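The values are calculated or read from the model by the stated rules, or taken from the named source; none is laboratory data. Remember, predicted model here, so these are calculated numbers, not experimental data. Note that each Cβ is placed from the backbone with ideal geometry, even for glycine, and that neighbours are counted across all protein chains shown. Remember, those area values only see protein heavy atoms, side chains included, never the ligands or the DNA or RNA. Shrake-Rupley method; radii C 1.70, N 1.55, O 1.52, S 1.80 Å.
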Amino acid sequence: MGWVSAGDYEVALDDGKVVCRNAAGRRLKSVPSKIADDPAVVGLRQLVEWLERHEQQCLEAVELWMVRSLPVPLAVVERVWADAAWQAALRDLVVSGDDGEVAGFLRDAGPGEGLGLVDLDGDTVRVRPALVRVPHPVLLEDLEELREFAVELGVAQRARQLFREVWTRPGGGEEQPAAVDDYAGGAFRQLRFLHGRAAQLGYRVRGGHAVCPVLEGGRLVEARVWVGDHDGYGDTETGPLTWHGADGVALTAGQVGPVAWSEGMRMAAALYAGRDTEEEERAA
């Protein structure tokens, strides 16, 4: 932490926050208002904002690798590991190598060094797969065992992988339209509240639907939940969950892959969880 002058004070960054001390070296509880516009203070606050955006972008990129099952060249992971934001997003993820089998929990990487992992026997190993994969949890056959092992290791994943909510597509009805109404009927007093919740959760709203695109097996599938498209101050409720291909045509259950199914259900459940429960109680 390096201190820089700001008027009669000195300021610095400490754990992502701008801190200040006076001429006697005593650290203050907050930055005095009279130096709020000092170039040093403004610059540090802008840096904090940039770092926060960068951390979020790294986390979103890693989650995209997982949700879209995108293999990443080893050299990319080796190169970005030195960046604290990338390292925080990647550390402790379960990764698989060239054969698609789980290799272990990612703990280290570096140019020319490969990946440092804790394997499923609890041993520290180094591997050099050509491509690194971050499997979606619904694709992990031994998910519960991996969760238990993660707890034993004290794993804390920034990118929710092992402890991400997952749903498995039920068997049967392969040729039936893929539609689920488990989370339909969630009432919201105003449409803008439901649209706002969708945005807060990271989902786009298009044509009255909250949408979740998933690239699975090289094919784009979009999960959709109706959220309304009328005046923002009117009431609305969540509709059924459906899945559609890149051409917009509704898919049958047999055409929806496990990741697209799980992520669609996750979106629907999260939207429904924000419903107006008081309105439900009054209606009952």
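Numbers for the structure displayed
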| item | result |
| --- | --- |
| Which of V138, T252, L194, positive extreme of dipole for the chain (C-beta unit charges) | L194 |
| Percent carbon-and-sulfur accessible area, the chain, ignoring ligands, DNA and RNA, probe 1.4 Å | 49 percent |
| Cα gyration tensor, the chain - rounded (a/c under 1.5), prolate or oblate | oblate |
| Neighbour net charge for L194 - beta-carbon separation under 12 angstrom, K R +1, D E -1 | 0 |
| Whole-Hz ³J(HN,Hα) from phi, Karplus 6.51 cos²θ - 1.76 cosθ + 1.60, for the stretch 120-136, glycine and proline x | 6, 9, x, 8, 8, 9, 10, 10, 9, x, 5, 10, 10, 10, 10, x, 5 |
| Once exposed loop GluC sites (Glu not before Pro) are cut out (DSSP; at most 16 other Cβ, 10 Å), longest piece of the chain | 176-284 |
| Between helix 143-153 and the chain: long-axis angle, C-alpha atoms, 0 to 90°, nearest 10 | 20 degrees |
| Nearest 10 degrees, 0 to 90: helix 258-272 Cα axis against the chain principal axis | 80 degrees |
| Sites V4 and Q57, calculated FRET efficiency, Cβ-Cβ separation with R0 35 Å, nearest 0.05 | 0.85 |
| Residue-averaged 222 nm ellipticity for the chain, from DSSP H runs of 4+ at -39500 (n - 2.57), nearest 500 | -9500 deg cm²/dmol |
| Total charge dipole magnitude, the stretch 1-136, about the Cα centre, Cβ charges on Lys, Arg, Asp, Glu only, Debye to nearest 20 | 560 debye |
| Solvent exposure, largest accessible area first (probe 1.4 Å, DNA, RNA and ligands not counted), of S69, S33 | S33, S69 |
| Cα centre as origin, Lys/Arg/Asp/Glu Cβ charges: the chain dipole, Debye | 1120 debye |
| With Cα atoms, 0 to 90° folded angle of helix 39-67 axis to the chain main axis | 30 degrees |
| Full-extension gain in nm, E175 to E145, via 0.36 nm per residue minus C-alpha separation | 7.5 nm |
| Per residue, in Å², the accessible surface of the stretch 189-230 once ligands and nucleic acids are set aside, probe 1.4 Å | 52 Å² |
